[in-house]
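The values are calculated or read from the model by the stated rules, or taken from the named source; none is laboratory data. Values in this document were obtained by computation on a predicted structure and should not be read as measured data. In this analysis, Cβ positions are derived from the backbone assuming ideal geometry, glycine residues included, and neighbour counts consider all displayed protein chains. Ligands, DNA and RNA are excluded from the accessible area calculation, which covers all protein heavy atoms including side chains. Shrake-Rupley method; radii C 1.70, N 1.55, O 1.52, S 1.80 Å.
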Amino acid sequence: MDPRPLSSVPLVVTRDASFAESARRWCAASSVLVDSRSLDALLAVDLPRRDEVVVVAPDPREAWRSALDLGARDVLSADEDAAIVGALVRALDGSGEACAITIVGACGGVGASTLAAAAAGLAARRDLAPVLVDGDPLGGGLDLVTGAEAVDGSRWNDLDGAVGHVGAAELVESLPVHRGIALVSFGRSGRPVHGSAPVIGAAMRGFDVVVADVPRHLDDLGRELVSRSVLTVVVVPRRLRGVVAARALVERLGSWSGSIALVTRSTPSGMPTAAVGRELGLPVLADVGSSRRLAADLEHGLGPLRARSVVGAARRVLDTVGLR
């Protein structure tokens with residue numbers, strides 16, 4: 001629990017702010033109190049889902065449907081002072097809501113896990129506190145991509161089944177950390193998780209940046225991660241089959257993600273980067289070229305941060321969400 005008294009926590013009131021400003025404040029605040037009269041406006045701008053949202057309404061029964069659509073954990077009457085203060089105190093467990101980014105490959109082997117690891121590593125170099133979240137139980141474990149397989153700490157199989165409130169500080173202390181990156185990684189069993197939401201909520205409160213590697217089939221864990229992200233990046237190989245696969249993926253992601261962008265991957269005799277962006281109707285942040293040293297670095301547990309092309313793409317991803 002944050003030791004600060006409630007009176008020392010800054011209060012920010014937002015009215016008629018731009019989308020960018022609203023999204024920044026929405027993600028940065030420890031807790032959000034929403035006047036029920038603003039529900040329709042907030043739903044219209046498709047903000048990412050987050051924890052600790054409480055709606056205050058003259059008649060909570062009339063606001064429940066819209067509040068659930070927004071992801072609120074409770075709807076309270078304006079005269080329920082004790083309950084409102086309790087929600088604010090509970091939200092002080094952690095430093096606020098992290099900036100979450102999800103990386104998804106349009107097809108297998110395109111380098112989404114590598115880009116996710118590079119983005120988390122670059123965030124650490126920028127003096128942020130990142131956590132790299134593994135969303136693929138069949139991917140072999142992101143600890144292998146970062147070289148952290150021998151580092152002690154809790155993996156998904158240790159955390160699965162958590163219910164109720166998971167403390168941010170306790171999660172931070174329990175995770176393996178390697179080269180400045182905390183990891184929520186799968187082990188080698190390939191077993192999916194069934195209790196991810198409390199763990200992800202604690203990660204959002206306990207770190208500055210959450211970078212998630214999510215498989216394209218979008219199971220419950222993947223949808224939870226995508227819905228919390230301010231940006232979803234689709235990694236697309238510059239060939240016809242990759243673009244066709246990406247189009248189907250983008251259509252599915254549209255139901256969960258408010259903001260989608262592309263990173264292309266060069267292929268021999270492939271399509272131009274600009275053509276991929278036009279075909280999918282989305283901005284291209286970067287193009288990742290080939291790297292002779294990358295495969296060897298990953299095999300030897302050195303991570304992806306010596307591959308200039310991957311680091312350049314990770315830099316564009318972080319810059320796009322304002323993590324400079």
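Along its first, second and third principal axes, ordered by size, segment 171-306 spans 47, 38, 29 Å in Cα coordinates.
Mean sequence separation of contacting Cα pairs (under 8 Å, at least six apart), scaled by the length of the chain, corresponds to a relative contact order of 20 percent.
In segment 124-266, Cα pairs under 8 Å separated by at least six residues give a relative contact order of 28 percent. Think of a 1.4 Å ball rolled over the protein heavy atoms: segment 145-206 then has 44 Å² of accessible area per residue. The packing ranking of peptides 288-300, 175-187, 100-112, highest mean first, is 100-112, 175-187, 288-300, where packing means the average number of other beta carbon atoms within 10 angstrom of each residue. Listed values for segment 32-42 are Karplus-derived 3J(HN,Hα) couplings in whole Hz (6.51 cos²θ - 1.76 cosθ + 1.60, θ = phi - 60°), namely 10, 9, 10, 5, 4, 5, 9, 4, 4, 5, 5, and x replaces Gly and Pro. Over all distinct Cα-Cα pairs of the chain, the Kirkwood formula returns a hydrodynamic radius of 20.3 Å.
The three principal axes of the Cα atoms in segment 111-168 give end-to-end lengths of 32, 27, 21 Å, sorted in falling order. Each peptide in 201-211, 68-78 was scored by the mean count of other Cβ atoms within 10 Å over its residues; highest first, the order is 201-211, 68-78. Between amide H atoms placed 1.01 Å from N, distances below 5 Å from residue 56 occur with 34, 35, 36, 76, all of them 5 or more places distant or on a separate chain. In the elastic network of the chain, a GNM with C-alpha springs shorter than 10 Å, the most mobile of 61, 49, 306 is 61.
Between the amide H of residue 286 and those of 264, distances stay under 5 Å, these residues lying 5 or more places away or on another chain, with hydrogens modeled in the peptide plane. Give the residue from 270, 298, 175 lying farthest towards the positive end of the charge dipole for the chain; charges sit on Cβ (+1 for Lys and Arg, -1 for Asp and Glu) and the dipole is referred to the Cα centre. Of 270, 298, 175, it is 270. Calculate, in whole percent, how much of the Cα-Cα pair population of segment 157-222 lies beyond 19 Å. Everything past 19 Å amounts to 30 percent.
A convex hull fitted around the alpha carbon atoms of segment 234-324 yields 116 Å³ per residue. Of all DSSP beta bridges confined to the chain, the antiparallel ones make up roughly 5%.
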